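Before any comments, here is the structure.
The values are calculated or read from the model by the stated rules, or taken from the named source; none is laboratory data. No experiment lies behind these values; they were computed from the predicted model shown. In this analysis, Cβ positions are derived from the backbone assuming ideal geometry, glycine residues included, and neighbour counts consider all displayed protein chains. All accessible areas refer to the heavy atoms of the entire protein, side chains included, with ligands and DNA or RNA removed. Shrake-Rupley method; radii C 1.70, N 1.55, O 1.52, S 1.80 Å.
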Amino acid sequence: MIDFRSDTVTRPTDAMKQAMTSAELGDDVYSDDPTVNAFEQRIAKMAGFEAAMVVNSGTQSNLCALLAHCARGEEYITGQGYHTYLYEAGGAAVLGSVVPQTVVEQPSGELAFDDIKAVLKDDDQHFAMSKLLSLENTHCGKIIPLSYFQQAREFANDHGLSIHLDGARIFNALTELNIELSDICQYVDSISICFSKGLGTPMGSVLCGSKELIARARRIRKMVGGGTRQAGMIAAAMDYALDNHVTRLKDDHNNAKKLASLLAQIDGLSPRPLQTNMLYVDVEPSINDELLCQLLKAEGILISPRSPLRIVTHLDISEADIVYTADAIKDCLALMQATTA
Ligand SMILES: *Cc1c(COP(=O)(O)O)cnc(C)c1O
């Protein structure tokens, strides 16, 4: 199957599996898994932070971060459509009594500082205490530029806020911005990075921050059942991904752009402008997109039927797959038109 549903669907390559099975292992809850320790040091240094912690998923990473930054009755400000608010089952509120305060994102994916200012709370007994700004990069494939983070830092300093960055796909952004991880991290207090998306590991994320913050986050990770033992097998996959799967993200972006340009030539389809590995395609209302996705499945192509269509490229999708997919979509649409005519 050519699976465009998400970049989470990648399978570990043979070379990655090799790295996992040959990793030196210990027990990470005793802090003596050498592969985990070396990887945490490596990624912390890359980010320019003191410490890092391997976690099972991006959701667990963000939860540990939100609860390490905020106490009960404090609030984090984030985007209405950002992952830390919308797609994490309300974990920070449910498990930490941390209050979410959302603002609507700009078309660019950024949060406007005026909007944030409008929801900031005074120090008043009626209100939850504004504590944290929780940002995201990339958001729905959109890149938030470095200058935004510089401004966010100034804003946060002026208002006594900390900043967490949900950088699930930060390497997709860095690839296009042509900057280093530490360039963005200098402006935030913590970052969460997913390795099970474009970077292709079977699981695993990492949270980076100060020693104190990561120490607090470790206790929370344990509390939510995220203390794992021979985690070096996963850290080895993540380490392998840093060496081998970062520079190739450009291929995913090029493939997405190529597909966009091929689909733009097909009647009834309007691909939206894109920056990284996520392509959104508006489909004319007269086209039954659910039927289209069903027909594509029979051709070995998986796309979730939702509008706009979301098509995500990743390391298990080749340039040849892109050409095959564009042709298949064209053929399926022609077939649908012929049968309804
Ligand atoms: C995928 C994703 C996460 C984490 O998801 P998990 O499936 O829990 O690893 C967090 N933030 C964003 C923006 C994401 O896309």
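Some notes on this structure:
- Each stretch of four or more DSSP H residues adds -39500 (n - 2.57); spread over every residue of the chain, this sum gives -13500 deg cm²/dmol at 222 nm.
- At R0 = 25 Å, FRET efficiency that the Cβ-Cβ distance of residue 210 and residue 123 yields, to 0.05: 0.55
- Once the chain from residue 330 to residue 316 is taken as fully extended at 0.36 nm per residue, the excess over their C-alpha distance is 2.8 nm.
- Accessible surface of the stretch 219-341, 1.4 Å probe: 50 percent of it comes from carbon and sulfur atoms.
- The spacing between the stretch 3-52 and the stretch 109-148, judged by their C-alpha centroids, is 30 Å.
- Taking all protein chains as they are arranged and a probe of 1.4 Å, the heavy atoms of residue 253 leave approximately 0 Å² accessible to solvent.
- Cα-based shape type of the chain, given that a ≥ b ≥ c are square roots of the gyration tensor eigenvalues and the cut on a/c is 1.5: oblate
- GNM top mover of 115, 124, 251 - the chain, alpha-carbon springs below 10 Å: 124
- Accessible area of residue 331 (1.4 Å probe, protein heavy atoms only, ligands and nucleic acids ignored): about 100 Å².
- In this structure, the residue pairs whose Cα-Cα separation is over 19 Å, taken from 258/297; 197/250; 142/250, are 258/297.
- Förster radius 45 Å - calculated FRET efficiency between residue 304 and residue 158 (Cβ-Cβ, nearest 0.05): 0.60
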